[in-house]
Amino acid sequence: MAEPGVVQAGHGPVEAVRGPRRARHRRRIILSELALSSTFSMTVVLGLLQSEELYSVPVFVAGWILNLAVLALCCTLPWSRIPSRWVIIVPLVDFVAIALTRAAAGDSLTGVGLLAAFPMVWIAASRVRTATAVTIAVVASLLVIWLPFLLRTEVLTLRGLIDPILLPIMLAGLAGFVSALAKDNRRRQDALRASQAALQESIDAGRDRERLLGTVLDTVSVGLLAVDRDGNDILMNARQREGHAAAAPPGTPDPDESELLIFGADRTTPIPPTMRPVRRAIMGEDLQGEQVWVGTGRSQRALSIFSQSMYDDDGAFAGTVVSFNDVTELLLALQAKDDFLSNVSHEFRTPLTSILGYLDVTLELADALPERVEGYLEIARRNALRLEQLVEDLLAINAGTFEVIPVATDVGRILADAASSGHLRAVRAGVHLVNRAPSSLNAVADPARLAQAVDNLLTNAVKYNRRGGSITLDASLGDDGLVIEVEDTGIGIEAEELHQVFDRFFRSPSVRTSAVPGVGLGLLITKSIVSEHGGSISVASEPGRGSCFTIVIPQPTR
């Protein structure tokens, strides 16, 4: 039988059930009482049909009427406003009704005593203790069975004592059994409710984390895409959805990766589907700053793409996370800067050519000029030539090419000339310049460009040195090729700046605030010259102790 209500013994009032639970509480009480009343009524009717003598016993019908009155009260009482512990009165009153009917019926209708099983199960299924339920069952059954028996005047026999004792024993055992089952069921229900509550709490926490993650991902200015091992999208933030839509062909609202408009660095050459960054990332390749252009026309955007593969506990590929950084404005700014430098360099070339031409003509008339004026003109011509060389270098850098013609060269003589030219600057700066290179060192290199590269290194070594410092120039031929070293005892370079020293226009913050002149092109030009030779240049430095630049130019095998 379903539990008719929540009954607590010795634990104080329990708050009334609210909302839908109130309706269920009321329904359980009515259905439980209705089951007893229906059986009670059928038993009474059958008893009246069996024995006409029961019509003359008012107590027989009184017990039935009391039970029907209890049913009527169960249907009308506002159980939501009645403390749940008072519900136990219902089955106790039912015991009284059954006892009255059983006492009046006597031996003519012995089955009435079995009706005591209904209120007993009701009590045993409630939240009273098992011992309490068994005690109530025993006492109630004794009242129902033994009280009428003890009121008789007949002499008790052993047989007469055995029959009445069976029902209390059966009801007590049934009460204990039902109470144990009810408690086990309640424990299961409590455990289930606790598990459901924990699950709901976990679901709510997961939803909160999902909302937080979604908000964070949609807030960042970087497009993010996560795919599984099969290339299916797991996650895509709002920024990436915008980028995906920008790369879609016109009239295709949801294209796949192979249909997207993705181009190379020239902005016009389509990248084959198998070579596209996302496809390569899905294949397990980790990308570092892969640059592409997406879309067409004025809405075309430049993306710098990074990816990181994911692996499961067994080390198997589980997918990848790809980030898309919009670098359109940066690339356009760099392009504008390159265009500006190119245009300015071209504009400088014409007046410089005119200046040099007039200086050359004037110097040809040196005999008619005062000696001091001739010296001034030579200084002006030398600086104009230097400016012209800088313009040519800027044009070459913007064009991405340096004309290098390697030939058999005496590198020792080139280094000696470079040291001789830098000696005057070193003396003026209070720096000691030492040339340890062999006087004759045959190698294959472009003599003019190599001299320019070494002169740039020596010039920097003088500018960024300190009075009383030293500069050492050295060279050798080995298995790696021609090796040239320029070492100084100057101010040095910070570790975090070493990777930037060969960048265009880079100058250390400490240098920019000093009086040391420069535009940040010398090392870039030097690196470009060395790269055109197929070689490499590196630097080792320690702040406060100096720097060492090393040029390595491979040589033809003999």
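Taking into account only those residues within the range 246-266 that are loosely packed, with under 13 Cβ neighbours inside 10 Å and not polar (S, T, N, Q), which is nearest to Tyr311 (Cα to Cα)? Working first, answer last.
If we filter the range 246-266 for residues that are loosely packed, with under 13 Cβ neighbours inside 10 Å, which is where we start, we get 249-254, 256, 258, 265-266.
Narrowing further to those that are not polar (S, T, N, Q): 249-251, 253-254, 256, 265-266.
Details: Pro249: 34, Pro250: 37, Gly251: 37, Pro253: 32, Asp254: 29, Asp256: 25, Ala265: 31, Asp266: 35 Å.
Within the range 246-266, the match that is nearest to Tyr311 (Cα to Cα) is Asp256.
How about the range 489-534: which of its residues are at positive phi and at pLDDT below 80? Give the derivation first.
If we filter the range 489-534 for residues that are at positive phi, which is where we start, we get 492, 505, 518, 520, 534.
Passing the criteria: Phe505, Gly518, Gly520.
Please tell me if Ser345 is of a type in the set (Ser, Thr, Tyr), in a helix (DSSP H, G or I) and under 30 Å from Gly289 (Cβ atoms).
Details: of a type in the set (Ser, Thr, Tyr): yes; in a helix (DSSP H, G or I): yes; under 30 Å from Gly289 (Cβ atoms): yes.
The answer is yes for Ser345.
Run down Asp393, Asp410 and say which single residue is more than 59 Å from the chain's Cα centre (by Cα), surrounded by 11 or more Cβ atoms within 10 Å (Cβ to Cβ) and not β-branched (Val, Ile, Thr).
Working: Asp393 fails: more than 59 Å from the chain's Cα centre (by Cα).
None of the other options fit; the residue is Asp410.
Can you give me the number of residues within the range 67-81 that are under 15 Å from Leu115 (Cα atoms) and of a type in the set (D, E, K, R)?
0
Return the total of residues in the range 243-258 being in contact with a Gly (Cβ under 9 Å, 6 or more places away or on another chain) and part of a loop (DSSP other than H, G, I, E, B). First the steps, then the outcome.
First, the residues of the range 243-258 that are in contact with a Gly (Cβ under 9 Å, 6 or more places away or on another chain): 243-244, 246-248, 257.
Those left that are additionally part of a loop (DSSP other than H, G, I, E, B): 247-248.
Going through the range 243-258 one residue at a time, the tally reaches 2.
Looking only at residues that are closer than 30 Å to Gly289 by Cβ and among the acidic types (Asp, Glu) in the range 184-231, which one is surrounded by the fewest Cβ atoms within 10 Å (Cβ to Cβ)? Steps first, please.
Filtering the range 184-231 down to residues closer than 30 Å to Gly289 by Cβ leaves 212-231.
Filter once more, keeping what is among the acidic types (Asp, Glu): 218, 228, 230.
Numbers: Asp218: 13, Asp228: 14, Asp230: 7.
Per the stated criteria, the residue is Asp230.
Just to check your reading of the model, which residue among Asp286, Asp313, Asp326 is surrounded by 15 or more Cβ atoms within 10 Å (Cβ to Cβ), at pLDDT 80 or above, over 30 Å from Thr459 (Cα atoms) and of a type in the set (Asp, Glu)? Walk me through it before giving the result.
Values: Asp286 fails: surrounded by 15 or more Cβ atoms within 10 Å (Cβ to Cβ); Asp313 fails: surrounded by 15 or more Cβ atoms within 10 Å (Cβ to Cβ).
Step by step, each of Asp286, Asp313, Asp326 is checked, and only Asp326 is surrounded by 15 or more Cβ atoms within 10 Å (Cβ to Cβ), at pLDDT 80 or above, over 30 Å from Thr459 (Cα atoms) and of a type in the set (Asp, Glu).
Restrict the check to the range 68-81 and report whether at least one residue is outside any helix (DSSP H, G or I), out of contact with any strand residue (DSSP E or B) (no Cβ under 8 Å at 6 or more places or on another chain) and exposed (fewer than 12 other Cβ atoms within 10 Å of the Cβ). Before you say what the answer is, go through the steps one by one.
Taking the range 68-81 as the starting set, the residues that turn out to be outside any helix (DSSP H, G or I) are 77-78.
Still in the running and out of contact with any strand residue (DSSP E or B) (no Cβ under 8 Å at 6 or more places or on another chain): 77-78.
Checking which are exposed (fewer than 12 other Cβ atoms within 10 Å of the Cβ) leaves us with 78.
Yes; the residues of the range 68-81 include at least one that is outside any helix (DSSP H, G or I), out of contact with any strand residue (DSSP E or B) (no Cβ under 8 Å at 6 or more places or on another chain) and exposed (fewer than 12 other Cβ atoms within 10 Å of the Cβ).
I'm trying to understand the selection: among the residues of the range 470-488, which are modelled with pLDDT of 90 or more and surrounded by fewer than 22 Cβ atoms within 10 Å (Cβ to Cβ)?
Ser470, Thr472, Asp474, Ala475, Ser476, Leu477, Gly481, Val483, Glu485, Glu487
Table: residues versus (1) at pLDDT below 80; (2) surrounded by fewer than 19 Cβ atoms within 10 Å (Cβ to Cβ); (3) assigned by TED's automatic domain parsing to the domain that holds Ser126; (4) in a helix (DSSP H, G or I).
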| position | (1), (2), (3), (4) |
| --- | --- |
| Gly5 | yes, no, no, no |
| Glu53 | yes, yes, yes, yes |
| Phe60 | yes, no, yes, yes |
| Gly106 | yes, yes, yes, yes |
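Tell me yes or no: at least one residue of the range 232-246 is closer than 13 Å to Gly295 by Cα and among the hydrophobic types (A, V, I, L, M, F, W, C).
At the first step, the residues of the range 232-246 found to be closer than 13 Å to Gly295 by Cα are 242-246.
Of the ones still in play, those that are also among the hydrophobic types (A, V, I, L, M, F, W, C) are 245-246.
Yes, there is a match, as at least one residue in the range 232-246 is closer than 13 Å to Gly295 by Cα and among the hydrophobic types (A, V, I, L, M, F, W, C).
Which pairs have Cβ atoms under 6 Å, sit 6 or more apart or on different chains, and link a residue in the range 535-549 that is on the phi > 0 side of the Ramachandran plot to one that is among the charged types (D, E, K, R) and part of a strand (DSSP E or B)?
Taking only residues 6 or more apart or on different chains, the pairs are Gly546/Asp488.
Restricting the range 423-452 to residues that are touching a residue at least 12 places away in the same chain (Cβ under 8 Å), within 17 Å of Leu385 (Cβ to Cβ) and not basic (Lys, Arg), which is surrounded by the most Cβ atoms within 10 Å (Cβ to Cβ)?
Initially, the range 423-452 is screened for residues touching a residue at least 12 places away in the same chain (Cβ under 8 Å), giving 425-426, 429-447, 449-452.
Filter once more, so that each one left must be within 17 Å of Leu385 (Cβ to Cβ): 425, 449, 451-452.
If we keep only those that are not basic (Lys, Arg) too, we end up with 451-452.
Working: Ala451: 20, Gln452: 18.
Step by step, filter the range 423-452, then rank; the result is Ala451.
Name, by its number, the condition in (1) under 16 Å from Asn67 (Cα atoms); (2) at pLDDT below 75; (3) of a type in the set (Val, Ile, Thr) that does not hold for Thr132.
It is condition (1) that Thr132 fails.
Do any residues in the range 475-487 that are charged (D, E, K, R) have Cβ atoms under 6 Å from those of residues that are not in a loop (DSSP other than H, G, I, E, B), where the two are at least six apart or on different chains, and which pairs are they?
Between residues of the range 475-487 that are charged (D, E, K, R) and residues that are not in a loop (DSSP other than H, G, I, E, B), the close pairs are Asp480/Val552; Glu485/Asp474; Glu485/Thr550; Glu487/Thr472; Glu487/Cys548.
Kindly provide the set of residues from the range 425-439 that are more than 12 Å from Ala475 (Cα to Cα) and among the small types (Gly, Ala, Ser), ordered by number.
Those that are more than 12 Å from Ala475 (Cα to Cα) and among the small types (Gly, Ala, Ser): Ala426, Ala429, Gly430.
The values are calculated or read from the model by the stated rules, or taken from the named source; none is laboratory data. Since we're looking at a predicted model, the values are computed, not measured. Quick reminder, even Gly has a Cβ in these numbers, built from the backbone with ideal geometry, and neighbours come from all protein chains shown.
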